[in-house]
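Step one of this worksheet: look at the structure below.
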There are 2 protein chains.
Amino acid sequence: MRRFISHKTINLISKTTTSTISSSSPNSPSLSPNSPLASLLRFFSTLHPSSMASDYSATPITIDNINPKVLKCEYAVRGEIVSIAQTLQQNLKDNPGSHPFDEILYCNIGNPQSLAQQPITFFREVLALCDHPSILDKSETQGLFSADAIERAFQILEQIPGRATGAYSHSQGIKGLRDTIASGMKARDGFPADPNDLFLTDGASPAVHMMMQLLIRSENDGILCPIPQYPLYSASIALHGGTLVPYYLDEQTGWGLEISELEHQLKTAKSKGIDVRALVVINPGNPTGQVLGEANQREIVEFCKKEGLVLLADEVYQENVYVPDKKFHSFKKISRSMGYGETDISLVSFQSVSKGFYGECGKRGGYMEVTGFSPEVREQIYKLASVNLCSNISGQILASLIMSPPKVGDESYESFSAEKEAILSSLARRAKTLEDALNNLEGVTCNRAEGAMYLFPCINLPDKAIKAAEEAKTAPDAFYAKHLLNATGIVVVPGSGFRQVPGTWHFRCTILPQEEKIPAIVSRLTEFHKKFMDEFRG
Amino acid sequence: MRRFISHKTINLISKTTTSTISSSSPNSPSLSPNSPLASLLRFFSTLHPSSMASDYSATPITIDNINPKVLKCEYAVRGEIVSIAQTLQQNLKDNPGSHPFDEILYCNIGNPQSLAQQPITFFREVLALCDHPSILDKSETQGLFSADAIERAFQILEQIPGRATGAYSHSQGIKGLRDTIASGMKARDGFPADPNDLFLTDGASPAVHMMMQLLIRSENDGILCPIPQYPLYSASIALHGGTLVPYYLDEQTGWGLEISELEHQLKTAKSKGIDVRALVVINPGNPTGQVLGEANQREIVEFCKKEGLVLLADEVYQENVYVPDKKFHSFKKISRSMGYGETDISLVSFQSVSKGFYGECGKRGGYMEVTGFSPEVREQIYKLASVNLCSNISGQILASLIMSPPKVGDESYESFSAEKEAILSSLARRAKTLEDALNNLEGVTCNRAEGAMYLFPCINLPDKAIKAAEEAKTAPDAFYAKHLLNATGIVVVPGSGFRQVPGTWHFRCTILPQEEKIPAIVSRLTEFHKKFMDEFRG
């Protein structure tokens, strides 16, 4: 029974959900779209396509009329130097021997498995079984997979409604996996975590964007960010049209985070009419590698509490601490241990499966824990999450695994522990070797990599090099990095991509190349640096 | 050798990348941060934490001061009705028998595997093998996996630099996988596709956001969207601060897309000062289920060409066509067959692993093909992609698999074809059964579901029901949907969530419940509808 649509209630305009040109009927208000006349007009317009055409022509899309916020955004980790490196790599493939090196060494990005770090076996076993659960009951599977991986896969499938690893999940992530993560956080911190506070995301980056999107209304809204910073923050603030309020880490005190500096920058921002809404802290630091002391963390919490700032804690390197005198403490643990609860401070912590000893960058798993917001605001965060439906289920599963690895007594425990220990101790050795090598270079100083995956040495460049860079219309540290790449195949990111105290020059170098390649890197770098200084010492 | 940082070049301000409060030195300009006096001041400020504190206090985050664009955004597919359904589901679990139904039937969202659709075996075999490649060489693997899945996994691993499925990839996606997808597109269309035009994303949603972010500068920028539309578009336009310019699909002609309507709405928008930048077309339609005819598609391409509009083609349901008289044609194929090449029209096509016969929503795989933009604009799109590093590798692999499934002669070909055919033919039967049932209801008309996964019936609601809805401060179709849910456990999305001709009322219902459940759904729906009409007929 097909019937005509009722237009009786045409005046009952439904609520619109965004700016919409009001248009109470499909065609002109005086002409019902279903009238014979309208149909006739449509028929004629088909015969003569241009008869009803407007003389309107939209502005074609050019670089001059796209969203200027996109133009403003920069992300140096994958910028110009990396493009040059990719070209060189192709050259080497097409014409072996065409350069004074035989491979490109990507020290620009924290991407361990691209440099031959092997994935943790237990994690991959569980992921494979969850991807293809129909083999779980087969006898051959016992020979291929560890018993606890099989058991874990069963447990995880039980937590997924309908065991459907191919279905969209709850927009915050599968509840059972969030329960597991919350338990892992409680075991880590000694304070409870609420699974309803967790939002699982495709890596940590979308979580950062979500918070920036929530907090930033206009360029009058500011976000306090460390300088140097991980460029995701400057990029996200630019894309959302806010203002980055810099606070400088003190290189002299091992990239110390001074409260007086926060206070000074907050005051300066306020005097310029900026409403500062949040403070970003990266701990362990990226690109700086420092690990905050507990007392310092307490000061930071106190500062945010007093100033009413949201504390955005980037804690993705929480498993990457290499020095015996430092330990990772989550900001949640610190604030709870100070007696501050849900209503005292707004705190968001970001975590990722891409870092730590697992380094599963390609899986795009991560989450944020959101505490200290009103239920109404929380609902808005949920809505933002729901627009993209959910994060990928393999990444969700992996996020639960990193927070609940094999335990003593599990079949995989020993091999898992050995894999973990081998990776972390090797990273610590590589960090120390590279740090020492850098400090041995003329005009270079490098703080300890206490944690994370990077060194961020300061290069005291000769005036002649700075002048040559100016003539080449490039930043002096980019000038240095390009010379380094062309001479050695080593890819680093110029400090200007992370920002730095004006007039100082740095580069970020990961500690991730395979350990057996480190001596060659050190000698190539040392040789290059000496030549560079000889050329430009003036 | 630790040395002091050179401040000689302090005036060489490095280029900043976003709005940043200028601050040429870490503390006040007249006091070097490393001077003994500054250290002394810092020391005192530690002793008396408040001595240097500003009197500034940030505005705490409340619902009244978050980004208003977030508040404006709505996403009905996971809105209020779904929240009620989740509560009911918990009730049923806690108190079986507490409602007149024993399960919640989620017909609100295109999420096939949540309703027991099984994943395609070949795809999952390959994913599992790529997740845990170390089993590839083991003899037990031959017994568990098909030979062509093993071979395919080897091929894919060869395409991934270092065989590292856990590494970040190129920000557009792994080149070898893009090659495979491009070949699949060429086989589909008969026109070449360039792998460098492909951007692999976590599902199609992030790709849509990326384009909106690129195109929208302010509320003066408009995007032409079909009404009814998939609410991702209204949500994304709201989040990016643009204006949705509606064009109405003609329900009378099976949700026809009339060029005269596009012209009319474009003119109206222009008269209001809106710069319309793009046209969104969803084909097959969501929520409407129509499949565009080839002649109509040519008119649309001509319209975009003439008006200089970017054509944003949502083609995620390209494998979901259920009627013999319709066939899917990509807009790329249509425009190339009209002789329009790269420089004639800007065209973006979205595809996803979540739909089709595979329905792998939880894997978050998808891509967009971007053609007809200048290299400079393309570079900006690449930059946007690079800020989030890359999409998840399993999703990337799956995107390549759906575009290159097993072929005649492959071991899996027959079982693959049987699985595919079973799903698609069942979907076609379910669509027809539900369509007929809906058309048998008093005051309900429902167009054919020619494609996609939805029916979007029009309900001619009695005045008394509309009045009751007004009193309950809810839209009449939401009023109907809530009554339906409470009486039957069936979850549908009110038409107002997709927008509709004002004064008409609809709901979106998926065709995805298991086939054996369809008769019960039909009888429950029919019984409910009769009672509802009896109650409100007045």
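The values are calculated or read from the model by the stated rules, or taken from the named source; none is laboratory data. Worth saying up front: this structure is predicted, and the values here are computed from it rather than measured. No Cβ is skipped: glycine too gets one built from the backbone with ideal geometry, and neighbour counts run over all protein chains shown. Keep in mind that these areas ignore ligands, DNA and RNA; they rest on the heavy atoms of the full protein, side chains included. Shrake-Rupley method; radii C 1.70, N 1.55, O 1.52, S 1.80 Å.
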Practice task
Specify the angular offset, from 0 to 90 degrees and rounded to the nearest 10, of the alpha carbon long axis of helix A:80-94 from the longest principal axis of the alpha carbons in chain A.
Solution key: 80
Fill in the blank from the handout: Dividing the helical contributions, -39500 (n - 2.57) per DSSP H run of n ≥ 4, by the residues of chain A yields a 222 nm value, nearest 500 deg cm²/dmol, of -13000 deg cm²/dmol
Completion exercise
In the stretch B:158-182, the residues losing 40 Å² or more of accessible area (1.4 Å probe, heavy atoms of protein chains only) relative to their chain alone are B:Gly166, B:Tyr168
Exercise for the section: Enumerate by residue number the trypsin sites (Lys or Arg not before Pro) in the stretch B:67-149 meeting two conditions: DSSP loop (anything except H, G, I, E, B), and at most 15 other Cβ atoms within 10 Å of the site's Cβ. Expected result: B:Lys138
Exercise for the section: Please report the relative contact order for the stretch A:60-174, taking Cα pairs under 8 Å with a sequence separation of at least 6, and give it as a percent rounded to a whole number. Expected result: 16
Problem - Euclidean distance between Cα centres, the stretch B:494-537 to the stretch A:235-299, Å - result: 54
Exercise for the section: For B:Val323, place a label point 7 Å out from Cα along the Cα→Cβ vector, do the same in each other copy, and report the separations in nm, one decimal, smallest first. Expected result: 7.1
Fill in the blank from the handout: For B:Lys531, the lysines lying under 25 Å Cα to Cα, once residues fewer than eight places off in the same chain are dropped, come out as A:Lys8, B:Lys432, B:Lys464, B:Lys467, B:Lys473, B:Lys482, B:Lys517
Fill in the blank from the handout: Per chain A, sqrt(5λ) over the Cα gyration tensor eigenvalues, sorted largest first, in Å, gives 44, 33, 28
Problem - Partners for B:Lys93 among aspartates and glutamates (Cα-Cα distance below 15 Å; same-chain residues under 8 apart left out) - result: B:Asp102, B:Glu103
Completion exercise
For chain A, percent of DSSP beta bridges that are antiparallel (nearest 5) comes out at 50
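Accessible area of chain B with a 1.4 Å probe: how many percent of it is carbon plus sulfur?
Values: 10370 of 19070 Å².
About 54 percent, which is the carbon plus sulfur part of the accessible surface.
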Handout entry: Label-point gap, in nm, between A:Asp325 and B:Lys531 - each point 7 angstrom along Cα→Cβ
Key = 7.4
Completion exercise
Rounded to the nearest 10, the angle in degrees between the Cα long axis of helix A:413-439 and the longest principal axis of the Cα atoms of chain A comes to 70
Practice task
Give me the percent of DSSP beta bridges within the stretch A:269-408 that run antiparallel, rounded to the nearest 5.
Solution key: 40
Completion exercise
Mean accessible area per residue over chain A (1.4 angstrom probe, all protein chains present, square angstrom) is 35
Exercise for the section: Filter the GluC sites (Glu not before Pro) in the stretch A:442-479 to those in DSSP coil with at most 16 other Cβ atoms within 10 Å of their Cβ, and list the result. Expected result: A:Glu442
Fill in the blank from the handout: In degrees rounded to 10, the 0-90 angle between helix A:476-488 Cα long axis and the longest Cα principal axis of chain A is 70
Fill in the blank from the handout: With a ≥ b ≥ c from the Cα gyration tensor eigenvalues, square-rooted, and the rule rounded for a/c under 1.5, otherwise prolate when a/b > b/c and oblate otherwise, the stretch A:238-369 is rounded
Completion exercise
One would report the antiparallel percent of DSSP beta bridges in the protein assembly as shown, rounded to the nearest 5, as 45
Fill in the blank from the handout: iface A-B | buried accessible area, total | probe 1.4 Å | Å², round 100 | 15000
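For the pairs A:Lys267/A:Lys332; B:Lys186/B:Lys355; A:Lys363/A:Lys383; B:Lys363/B:Lys530, note any where the Cα-Cα span goes beyond 29 Å.
B:Lys363/B:Lys530
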Completion exercise
With one decimal in nm and the nearest listed first, the spacings from A:Glu158 to its own position in the other copies, using label points 7 Å along Cα-to-Cβ, are 4.3
Handout entry: Length-normalised contact order of the stretch B:143-223 in % [C-alpha pairs under 8 Å, at least 6 apart]
Key = 19
Fill in the blank from the handout: Contact order relative to length for chain A, counting C-alpha pairs under 8 Å separated by 6 or more residues, stands in percent at 18
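If you keep only loop residues by DSSP, which trypsin sites (Lys or Arg not before Pro) in the stretch B:257-323 have at most 13 other Cβ atoms within 10 Å of their Cβ?
Those satisfying the criteria are B:Lys272.
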Completion exercise
Interface residues of the stretch A:387-425, defined as losing at least 40 Å² of accessible area versus the chain alone with a 1.4 Å probe, are A:Val387, A:Asn388, A:Leu389, A:Asn392
Problem - Centroid-to-centroid separation of the stretch B:386-465 and the stretch B:123-182 [C-alpha atoms, Å] - result: 27
